[in-house]
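Enquirer: Here it is, the structure in full.
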Ligand code: GH3
Ligand code: MG
Ligand code: MG
Ligand code: MG
Ligand code: MG
């Protein structure tokens, strides 16, 4: 129900929200080698407002998953050429990037203990072919429900509530992985801590809500200036951290300085009782990871450099 007269844009937003809900009940990756069956399943899903993504084998399915496309449920035929459903389930369930996506096994093969084998491997549900169409939809839908709930929980636990970037725990989880990658591939890796200068004064002068908005704005600016492979998180309070793969100390200082300079030149404008405009500065400490170094040590070095940047006048990067 939408009461007239409505503001311009309100109707459009309402319709978009409405149709988004209606149109996308969930996305389903359909892995089935029989083209006819694959097409039939996709057709059936489409009729129920689910978005099918069709793959004919495990490799194709992996390609979709690795592309980062959002998938709610995986519907998987067990007998596939080359890599079977058994292989694929084992791979997906031992990879933290995909293990949370519900897998529904699908087969016409009724012998032996196939159902329990598949569930034991890590599949979440199972449907025998030929299936009752209502049961099929109900099972897919139930798994979409669970999937969306898991994704929401995952997001809440990984993100910083205020800025939407990674929280400290997630950041360090990624950093840990990046240190291993750096050793394995013999590529540099750098770590940066950014800290807003005199942030307490912003809160004291304009209020905590404006302080919060400054943190959000800063996160937005830094995120735009980093590469896809870089990891950006909120270290705590008004401190942020960056992990920069394939970047040595020199490159990291260069980027940190670019960020520092951009921020100092950004006029932030907020509307409270009146329009408030000001700019902020940040200081940064940088450290490069070397083989065998503990993460604690890496952080300590960056922290020490941040301290030096502060001591020597702020709005600067050390070393
Ligand atoms: P320095 O230049 O030495 O870094 O000074 P500073 O004032 O930035 O540092 P200090 O550590 O003294 O103060 C940090 C302030 O950040 C204090 C705290 O209230 C504020 N703060 C921490 N988290 C939040 C938050 O989520 N929102 C807001 N608005 N303020 C926060
Ligand atoms: Mg098959
Ligand atoms: Mg601080
Ligand atoms: Mg500070
Ligand atoms: Mg401080």
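The values are calculated or read from the model by the stated rules, or taken from the named source; none is laboratory data. Everything numeric in this text was worked out from a predicted model, so none of it was measured. Positions of Cβ are generated from backbone atoms using ideal geometry, with glycine treated the same way; all protein chains shown enter the neighbour counts.
Enquirer: Identify all residues within region 55-79 that are in a loop (DSSP other than H, G, I, E, B), out of contact with any helix residue (DSSP H, G or I) (no Cβ under 6 Å at 6 or more places or on another chain) and farther than 16 Å from residue 27 by Cα; write none if there are none.
Expert: 56, 57, 79
Enquirer: Let me ask something additional. Quick one: which residue in 194, 178 is within 13 Å of residue 289 (Cα to Cα) and at pLDDT 95 or above?
Expert: It is 178.
Enquirer: Here is a further query. Looking only at residues that are closer than 16 Å to residue 96 by Cα and over 12 Å from the mean Cα position of the chain (by Cα) in region 133-158, which one is surrounded by the most Cβ atoms within 10 Å (Cβ to Cβ)?
Expert: 147
Enquirer: Output the qualifying pairs, or none if there are none: Cβ atoms under 7 angstrom, residues six or more apart or on different chains, first residue in region 188-214 and touching a residue at least 12 places away in the same chain (Cβ under 8 Å) and within 18 Å of residue 271 (Cβ to Cβ), second residue in a strand (DSSP E or B) and away from ligand 3 (no atom under 14 Å from the Cβ).
Expert: 206/276; 210/270; 210/276; 213/270; 214/268
Enquirer: All but one of (1) away from ligand 4 (no atom under 15 Å from the Cβ); (2) under 22 Å from the mean Cα position of the chain (by Cα); (3) surrounded by 14 or more Cβ atoms within 10 Å (Cβ to Cβ) hold for residue 235; state the number of the condition that does not hold.
Expert: Looking at each condition in turn, residue 235 falls short on (1).
Enquirer: Is at least one residue of region 89-104 in contact (Cβ under 8 Å) with a residue 24 or more places away in the chain, within 14 Å of ligand 2 (Cβ to nearest atom) and either surrounded by 23 or more Cβ atoms within 10 Å (Cβ to Cβ) or part of a loop (DSSP other than H, G, I, E, B) (or both)?
Expert: Looking for residues that are in contact (Cβ under 8 Å) with a residue 24 or more places away in the chain, within 14 Å of ligand 2 (Cβ to nearest atom) and either surrounded by 23 or more Cβ atoms within 10 Å (Cβ to Cβ) or part of a loop (DSSP other than H, G, I, E, B) (or both), one finds none in region 89-104, hence no.
Enquirer: Residues that are more than 16 Å from ligand 2 (Cβ to nearest atom) and within 21 Å of residue 313 (Cα to Cα): find the strands (runs of 3 or more DSSP E) completely inside region 193-300 holding 1 or more of those.
Expert: The qualifying strands (runs of 3 or more DSSP E) are 239-245, 275-278, 282-288.
Enquirer: Quick check on region 41-51. Is at least one of its residues crowded, with 20+ Cβ neighbours inside 10 Å, in a helix (DSSP H, G or I) and at pLDDT 90 or above?
Expert: Yes; the residues of region 41-51 include at least one that is crowded, with 20+ Cβ neighbours inside 10 Å, in a helix (DSSP H, G or I) and at pLDDT 90 or above.
Results for (1) at pLDDT 95 or above; (2) more than 16 Å from residue 243 (Cα to Cα); (3) in contact with a helix residue (DSSP H, G or I) (Cβ under 9 Å, 6 or more places away or on another chain), shown as yes or no for each residue.
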position: 265; (1), (2), (3): yes, yes, no
position: 271; (1), (2), (3): no, yes, no
position: 274; (1), (2), (3): no, yes, no
position: 277; (1), (2), (3): no, yes, no
position: 282; (1), (2), (3): yes, yes, yes
position: 297; (1), (2), (3): yes, no, no
position: 304; (1), (2), (3): yes, yes, no
position: 308; (1), (2), (3): yes, yes, no
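Enquirer: Separate question: Could you grab the pairs with beta carbons closer than 7 Å, sequence gap of 6+ or different chains, first residue in region 35-59 and on the phi > 0 side of the Ramachandran plot, second one in a helix (DSSP H, G or I)?
Expert: Here the result reads 49/22; 49/23, each pair linking region 35-59 to a residue that is in a helix (DSSP H, G or I).
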